[in-house]
């Protein structure tokens, strides 16, 4: 019945070719318009895994309790000095407040601001006393620059100190740190090099507690999930603002963006870049191989036009069924092109073979329809089943792709029995002058002679692959799917090296602060835990003793740092005069002191060069006002209690309903799957209600493995039942499935040998392997059932070969993508296709030879 229906449809379409093609053209336009208007992108990565899973529910619970911490752009600003970085980050923060809605909110991390004010309280009394002593020693310089925060003020300090040297109250050697810093900056100006800002921390005795010249901003952008890069506009605004403020490498600054939003945008940007490479490359390679395989431009045109129509219809189907594409399902276009071309090649090859036997093209197309009705229908349905097998799983990203691609296979089948024959009728390909098969008689003979060792060898390799299957490398870190050289990724990986950065921390909630104590104690007892934090971590110990030291220091330095009057900024002439005086004084007071001589020479050269050179040296003391302000802020520390913590800091750790956030950071490097699994298992032993990157990766990986197993088992069962219903012979079904299993196990073997890990992206190779392998095997089993004995010389082998080559080129084009996930998907697809083809071309014919002729 299926054959009669296929012949009827193909004959009708052949006779009414113009009507069919015109109808298809109109339908293409309508479907394209519909798809363009109703198919969108949803770049929200949170939707790739089912929201019903326990860890996802916990993530949503924490996000709901602390919504201000979600969907952030992390702005990292590095400056020449800590003081310049501090000035720059405040200026940038103010500029970002005028983003006209692109940035909803921007703040500096509350924890950072808290420690900048209260950092002295977290030192030991000994450390604090040492710093206090050094600051008191620097009091004369601090007083001078507080009254006159400029180069003139600093040089006035040098003049005062040199007077002490002249009167024997100090030695030049005592001034070497200050002279060295001044000389470093003055030497750069004197030799025409860029100004080098002075390192104030070395002069103030920062020691191991040095303030790094790095500052952070947390920006909450307005996201557009309909765009490929949801935070692109906000990121562009931040970069443009930095350029306008001269926060560029040319001025000694470096600005980088990372965080959840930046990482997601970078991911999709790389995916898009990869598609821009792979899509045209795929088309070019497919067209080239089609020309090589069918040797007719008209036939190639018919196949490609059918593919265009099928792809448009599949896009419309996606619009109608899912509405929006996720980062995984967007790959349906390349997959459709790679697989649907197989169906077209099979039909066209059958037509060409019949055309060689008959001068009547109408009769030839009917013969092709009759020959391909069962195998092509079965192959398309089996391929669709392979895709659809992911639909019941919790891996929603791939289940969506499965639905679209599964529907696409049905669309491709319908197209090949309707539009493709009509196009062949209109394009009128020339008749074939030689048989369509391949000259592989020697290969067929070799297969006959070596059938037994081939089957045994394939069985042994399959067994080895099955043994290796449980040890197949797994890697479910989403960062490992991205290009590590991309700014957002490289910056995140750099931050991850610091265990205190918290990028791999896990979090849970306690009903209250009092209830958190027992949970914290259990976490702290775990050997894999680096640190456990609650809001109590911001209340320092032994405050009374430290506050006495700070109070004494403030009493001494307070009036110095807060002068009654501040001098106006100096003019260029003022600076030149001050530089000249200090140069002369240095030469007179310490002529035999080498550092003094060097500084005197450089200052004298700057003074004689004119006011412009003096103004350039002023740039070396940039940030001096910020230094004084930071010291005043630090010395204003007061007793810290839970009750008087800053409101924004409390808001990040205690929810409005009193629930308390507990953050646990790992001791091990979380770069490996094994380390993440160990840490996740350890912390889940304390409480299962926990979330964070290691938990998400471990649980998501479990979801993918379950999806892998469920989809594979389900697809094999359904395909086996389908084969049994359509082929009606158990042996035929076994012959189709057996090489498929062999190919799968050999794929595992190859992947294991080259270290290719299973990840979120390349797991899609499973349903494709099932679908494509089933299709190829069906064609050969049907031939065997129809009495074909020289399998490699048949037209089917030519069709399968060029189908595999075109499909492989489409998949292989993904391997050149800069997106590592897409590239790994292309590699694994190519490997699975290769092993599947090898099983079909070598193992399956060998099995046929061992069995002999089929029994009717």
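The values are calculated or read from the model by the stated rules, or taken from the named source; none is laboratory data. Just so it is clear, the model here is predicted, and its values are computed rather than measured. Cβ atoms come from the backbone with ideal geometry, glycine included; neighbour counts cover every protein chain shown.
Table for the structure above
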| item | result |
| --- | --- |
| Residue in the stretch 471-492 that is free of Cβ contacts under 8 Å to residues at least 24 places away in the same chain and either more than 22 Å from residue 265 (Cα to Cα) or over 15 Å from the mean Cα position of the chain (by Cα) (or both) present | no |
| Sole exception among (1) modelled with pLDDT of 80 or more; (2) assigned to a helix (DSSP H, G or I); (3) surrounded by fewer than 23 Cβ atoms within 10 Å (Cβ to Cβ) for residue 789, by number | (2) |
| Among (1) at pLDDT 80 or above; (2) buried (at least 17 other Cβ atoms within 10 Å of the Cβ); (3) not in a helix (DSSP H, G or I), the one test that residue 687 misses | (2) |
| Within the stretch 646-655, considering residues that are touching a residue at least 60 places away in the same chain (Cβ under 8 Å) and surrounded by fewer than 20 Cβ atoms within 10 Å (Cβ to Cβ), the one farthest from residue 185 (Cα to Cα) | 655 |
| So residue 312, is it over 19 Å from residue 10 (Cβ atoms) and at pLDDT 85 or above | yes |
| Members of the stretch 522-540 found to be out of contact with any strand residue (DSSP E or B) (no Cβ under 9 Å at 6 or more places or on another chain) and within 16 Å of residue 117 (Cα to Cα), listed by number | 538, 539, 540 |
| Residue 484 modelled with pLDDT under 90 and either in the same structural domain as residue 836 (by TED's automatic domain parsing) or within 30 Å of residue 654 (Cβ to Cβ) (or both) | no |
| Elements of type helices (runs of 4 or more DSSP H) contained in the stretch 343-460, each with 1 or more residues being closer than 27 Å to residue 326 by Cα and within 47 Å of the chain's Cα centre (by Cα) | 361-388, 396-416 |
| Identity of the residue in the stretch 226-251, in contact with a strand residue (DSSP E or B) (Cβ under 9 Å, 6 or more places away or on another chain) and assigned to a loop (DSSP other than H, G, I, E, B), that ends up farthest from residue 197 (Cα to Cα) | 226 |
| Checking residue 643 against (1) buried (at least 20 other Cβ atoms within 10 Å of the Cβ); (2) free of Cβ contacts under 8 Å to residues at least 24 places away in the same chain; (3) outside any helix (DSSP H, G or I), the condition it does not meet | (1) |
| Filter pass, residue 625 being modelled with pLDDT under 85 and under 29 Å from the mean Cα position of the chain (by Cα) | no |
| Search result, residues across the stretch 727-761 that are in contact with a helix residue (DSSP H, G or I) (Cβ under 9 Å, 6 or more places away or on another chain), outside any helix (DSSP H, G or I) and touching a residue at least 60 places away in the same chain (Cβ under 8 Å) | 756, 757, 758, 759, 760, 761 |
| Extreme residue, surrounded by the fewest Cβ atoms within 10 Å (Cβ to Cβ), among residues of the stretch 70-88 that are within 27 Å of the chain's Cα centre (by Cα) and not in a loop (DSSP other than H, G, I, E, B) | 78 |
| Residue within the stretch 389-407 that is out of contact with any strand residue (DSSP E or B) (no Cβ under 7 Å at 6 or more places or on another chain), closer than 27 Å to residue 296 by Cα, modelled with pLDDT under 90 and crowded, with 22+ Cβ neighbours inside 10 Å present | no |
| Qualifying residue in the stretch 162-169 (condition: within 26 Å of residue 553 (Cβ to Cβ), assigned by TED's automatic domain parsing to the domain that holds residue 565, touching a residue at least 40 places away in the same chain (Cβ under 8 Å) and in a helix (DSSP H, G or I)) | no |
| Among the candidates 671, 712, 724, 658, residue that is at pLDDT below 80, out of contact with any strand residue (DSSP E or B) (no Cβ under 9 Å at 6 or more places or on another chain) and part of a loop (DSSP other than H, G, I, E, B) | 671 |
| Matching residues, the stretch 176-204, being without any contact (Cβ under 8 Å) to a residue 24 or more places away in the chain and more than 45 Å from the chain's Cα centre (by Cα) | 191 |
| Some residue of the stretch 336-352 being surrounded by fewer than 22 Cβ atoms within 10 Å (Cβ to Cβ), out of contact with any strand residue (DSSP E or B) (no Cβ under 6 Å at 6 or more places or on another chain) and assigned by TED's automatic domain parsing to the domain that holds residue 38 | no |
| Criterion (in contact with a strand residue (DSSP E or B) (Cβ under 9 Å, 6 or more places away or on another chain) and either buried (at least 19 other Cβ atoms within 10 Å of the Cβ) or more than 30 Å from residue 112 (Cβ to Cβ) (or both)) met by exactly one of 676, 702 | 676 |
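Yes or no, residue by residue, for (1) over 28 Å from residue 393 (Cβ atoms); (2) modelled with pLDDT of 80 or more; (3) surrounded by 24 or more Cβ atoms within 10 Å (Cβ to Cβ):
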position	(1), (2), (3)
744	no, yes, yes
759	no, yes, no
771	no, no, yes
783	yes, yes, no
810	no, no, yes
814	no, no, yes
823	no, yes, no
826	no, yes, yes
842	yes, yes, no
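Residues are listed down the side, and each one gets a yes or a no for (1) surrounded by fewer than 20 Cβ atoms within 10 Å (Cβ to Cβ); (2) out of contact with any helix residue (DSSP H, G or I) (no Cβ under 8 Å at 6 or more places or on another chain); (3) modelled with pLDDT under 90:
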| position | (1), (2), (3) |
| --- | --- |
| 521 | yes, yes, no |
| 524 | yes, yes, no |
| 528 | yes, no, no |
| 541 | yes, yes, yes |
| 554 | yes, yes, yes |
| 566 | yes, no, yes |
| 574 | yes, no, yes |
| 579 | no, no, yes |
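This table checks each residue for (1) in a helix (DSSP H, G or I); (2) assigned by TED's automatic domain parsing to the domain that holds residue 159; (3) farther than 24 Å from residue 162 by Cα; (4) touching a strand residue (DSSP E or B) at 6+ places or on another chain (Cβ under 7 Å).
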| site | (1), (2), (3), (4) |
| --- | --- |
| 548 | yes, yes, yes, no |
| 551 | yes, yes, yes, no |
| 567 | no, yes, no, no |
| 577 | yes, yes, no, no |
| 588 | yes, yes, no, no |
| 598 | yes, yes, no, no |
| 615 | yes, yes, no, no |
| 620 | yes, yes, no, no |
| 626 | yes, yes, yes, no |
